[in-house]
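Data first, discussion second: the structure below is written as structure tokens.
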Amino acid sequence: MCGIVGAVAQRNIVPILIEGLRRLEYRGYDSCGVAVHADGELKRARSVSRVAELDAQTHELAAFTGIAHTRWATHGAPTTANAHPH
């Protein structure tokens, strides 16, 4: 089942988003991703692996606004290109 987490704060929200995804792992998913607004642009990290692998990709990300998502494919293959957030 898909799950979504969003955060806005005056500190780096990437760890908050990752923790939110960890708490949703029990629901099952085939891909996951994080999108943040940083330095005036959208920055993403996506994975078809576990949230722990996504966490390793996000150590360079820092932002005050963002979303994270776990996806359970109802259409399209579970690939990095299809991983949310788009």
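Nothing in this text is a laboratory measurement; each read-out follows from the coordinates by a stated rule. If you're wondering where the values come from, they're calculated on a predicted model, not measured in any experiment. Ideal geometry is used to build each Cβ from the backbone, glycine not excepted, and the neighbour counts take in all protein chains shown.
Laid out as a table, the results:
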item: Label point distance in nm, Arg22-Ala62, each placed 7 Å from Cα along Cα→Cβ; result: 2.0 nm
item: Relative contact order computed over the range 22-76 (Cα-Cα under 8 Å; 6+ residues apart), in percent; result: 44 percent
item: Using a Förster distance of 30 Å, the FRET efficiency for Thr80-Ala9 (Cβ separation, nearest 0.05); result: 0.65
item: Gaussian network model of the chain, springs between alpha carbon atoms under 10 Å - residue of Ala56, Ala45, Ala73 with greatest fluctuation; result: Ala56
item: Point-to-point label distance, Asp30-Ser49, nm (Cα→Cβ direction, 7 Å offset); result: 1.9 nm
item: Computed E for Asp39/Cys2 - FRET, C-beta separation, R0 35 angstrom, nearest 0.05; result: 0.80
